[in-house]
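Trainee: Handing you a structure now.
The values are calculated or read from the model by the stated rules, or taken from the named source; none is laboratory data. Quick caveat: nothing in here was measured; it's all calculated off a predicted structure. No Cβ is skipped: glycine too gets one built from the backbone with ideal geometry, and neighbour counts run over all protein chains shown. Keep in mind that these areas ignore ligands, DNA and RNA; they rest on the heavy atoms of the full protein, side chains included. Shrake-Rupley method; radii C 1.70, N 1.55, O 1.52, S 1.80 Å.
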Amino acid sequence: MINASLKELAAALASKQISSVELTQLFLDRIVRLNPEINAYVTLDSDKSLAQAAAADALIAQGKAGPLTGIPVAQKDIFCAKGWRTTCGSKMLANFTAPYDAHIISQFDAAGAVNLGKTNMDEFAMGSSNETSFFGKVQNPWDRARVPGGSSGGSAAAVAARMAPAATGTDTGGSIRQPASLCGLSGLKPTYGVCSRYGMIAFASSLDQAGPMAKSAEDLALMMNVMAGFDSRDSTSLQREKEDYTRDLAKPLAGLRIGLPKEYFAEGLDAGVAKVVEEAIAQYRKLGAETVEISLPNTQLSIPVYYVLAPAEASSNLSRYDGVRYGHRAAEYTDLMDMYCKTRAEGFGAEVKRRIMVGTYVLSAGYYDAYYLKAQQLRRLIAQDFEQAFRQCDVIMGPAAPGTAFKAGEKTDDPVAMYLEDLYTIAVNLAGLPGMSVPAGFANGLPVGLQVIGNYFDEARMLNVGHAYQQVTDWHTRMPEGI
Ligand code: GLN
């Protein structure tokens, strides 16, 4: 059961081979055994999970089950879930119980899925290693001394260690794709605006996007069917017809044009990772795809642009944590200003403070034009690179991350080295495009992800591209030893 696909789990539930209560208990038992070390979950509530499972069993008995009814899903702790502690990995929200459901959570509820627990993450989703969480670092199940990637590292470790069949993540600059790559999973960041951000704790609102993390592309498609869709409560949610993301899974790939950006295979890419990615691309040629060299000339600008814009938006979004209405409040203070200062000094970790300071600086009157405005202009150029590229190809491929999972502590003293983890993912967020990572092999004994970037709203095709590859390879079925 722990290796089963979502489709297999749905079939097992439908045929009464297992009940949702039993399935949920099976995963809860694994969590009890593995989580004390891996630390993928920060909040569990087995009573709530099992009650949802019992309700799902009732639906199944009445013949009213949908594709995810009764299936346990781990939720990144960035999504507000009514009655659940929702921390965003921060001391600031360590005692915050959400009074309402994020849109994504209510979509899973409506589908009859079971909330298995809230997963660990970098504080306010700022990080690439899950080491900035107030609740401690997460271990990579493939090598416990290494990081799972971030910021959705808890979700990634939970699925990789088979402590959940699937999970949600969010991706502002790579936080679904990079941990998926480092943990040997499939992960999809949809087109900006496809999944509602309502009730998803804001980091950088023009970049944040929710998406699924699972073992296979087919599982991602089933998750997307639940997660995607218009929501009037998010002003950037796109009003589009409901899609069936599984519709193109079985299409042949003959004639597919794959763009290979020369900037993605240049300096900074680990040789072992390059080899795996090149082998994956060779596999696509065997499947009938053609490759064409393309250029994304502004790739090098994406990290500097992001580290102006994301902190700017974060500094504004995080101003709400003032100790007045909810979240942490300093125990002792002399006046209102002192209360604000002490609350924020105590409640935020170092990386969050760094971002707030950078963001406040680039937005300040004297520097706004030089940094923030300039970064906005460059963001447009980065998006235009992709517009150009998609005239020559249907999808773009390259590495998801420049290397494999690194050792815990290895990059904590060097923020810039940490920021470079997102060299190949950030531009996709800046352009608002969809991006996916699928397991493509191993380098240095650790998983490597192939990134597939699609044009706007081309998720169904990307999932087809992932699925076709997973029909002829078995990297996505590999599981870490000893768990
Ligand atoms: N690693 C990037 C950052 O630290 C991206 C994080 C994310 O996608 N949430 O901001």
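Trainee: Tell me the carbon and sulfur percent of the accessible area for the chain, rounded to whole percent, probe radius 1.4 Å.
Mentor: Carbon and sulfur: 53 percent of the exposed surface of the chain.
Trainee: Once the convex hull of the alpha carbons of the chain is built, what does its volume come to per residue, in cubic angstrom?
Mentor: In the chain, the Cα hull volume divided by residue count equals 136 Å³.
Trainee: Quick check: Cα centre of region 126-141 to Cα centre of region 439-483, how many Å?
Mentor: One Cα centre to the other: 23 Å.
Trainee: Kindly rank 453-466, 47-60 from highest to lowest mean number of other beta carbons found within 10 Å of each residue.
Mentor: By packing density, highest mean first, the sequence is 453-466, 47-60.
Trainee: Separate question: Place +1 on the Cβ of every Lys and Arg and -1 on the Cβ of every Asp and Glu in region 342-483, take the dipole about the Cα centre, and give the residue among ILE356, SER437, ILE483 whose Cα lies farthest towards its positive end.
Mentor: Going by the Cα projections, it comes out as ILE356.
Trainee: Cα centroids of region 30-94 and region 202-255: how far apart, whole angstrom?
Mentor: About 21 Å separates the Cα centre of region 30-94 from the one of region 202-255.
Trainee: So how far apart, in nm, are the two label points at ASP369 and ALA58 if each is 7 Å from Cα heading toward Cβ?
Mentor: A separation of 6.4 nm, rounded to one decimal place.
Trainee: Just how large is the dipole of region 267-417 about the Cα centre, in debye to the nearest 20, putting +1 at every Lys and Arg Cβ and -1 at every Asp and Glu Cβ?
Mentor: 320 debye
Trainee: Considering the dipole of the chain built from charges on the beta carbon (Lys and Arg +1, Asp and Glu -1) around the Cα centre, which of GLY149, SER15, GLY211 is farthest to its positive end?
Mentor: So the residue we want is SER15.
Trainee: Something else now. Using a ≥ b ≥ c from the Cα gyration tensor of region 35-110 (square roots of the eigenvalues), is it rounded, prolate or oblate, where a/c under 1.5 gives rounded and otherwise the larger of a/b and b/c decides, a/b for prolate?
Mentor: Prolate, because a/c is 1.5 or more and a/b exceeds b/c.
Trainee: Averaged per residue, what accessible area in Å² does region 1-142 show with a 1.4 Å probe, protein chains only?
Mentor: That works out to 36 Å² per residue.
Trainee: Tally Lys and Arg at +1 and Asp and Glu at -1 over the other residues with C-beta under 13 Å from the C-beta of SER133: what net charge comes out?
Mentor: My count for the surroundings of SER133 gives -1.
Trainee: Per DSSP H run of n ≥ 4, the term is -39500 (n - 2.57); total these for the chain, divide by its residue number, and report the mean residue ellipticity at 222 nm rounded to 500 deg cm²/dmol.
Mentor: -11500 deg cm²/dmol
Trainee: Roughly how big is region 329-409's charge dipole about its Cα centre, with Cβ charges of +1 (Lys, Arg) and -1 (Asp, Glu), in debye to the nearest 20?
Mentor: 140 debye
Trainee: Roll a 1.4 Å probe over the protein chains and send me the accessible area per residue for region 182-291 in Å².
Mentor: 37 Å²
Trainee: Give me the one-decimal nm value for the distance between modelled label points at ALA271 and ALA14, 7 Å along each residue's Cα-to-Cβ direction.
Mentor: With each label point 7 Å from Cα toward Cβ, the separation is 5.0 nm.
Trainee: Something else about it: Give the peptides 71-83, 284-296 in descending order of average Cβ contacts within 10 Å, highest first.
Mentor: 71-83, 284-296
Trainee: Can you list residues whose amide H is under 5 Å from ARG257's amide H, if they're 5+ apart or on another chain and H is modeled 1.01 Å from N?
Mentor: Sorted by chain and number, the residues that satisfy this are GLU290, ASP394, VAL395.
Trainee: In debye, nearest 20, what is the charge dipole magnitude of the chain about its Cα centre with +1 on Lys and Arg Cβ and -1 on Asp and Glu Cβ, if you could check?
Mentor: Its charge dipole is roughly 380 debye.
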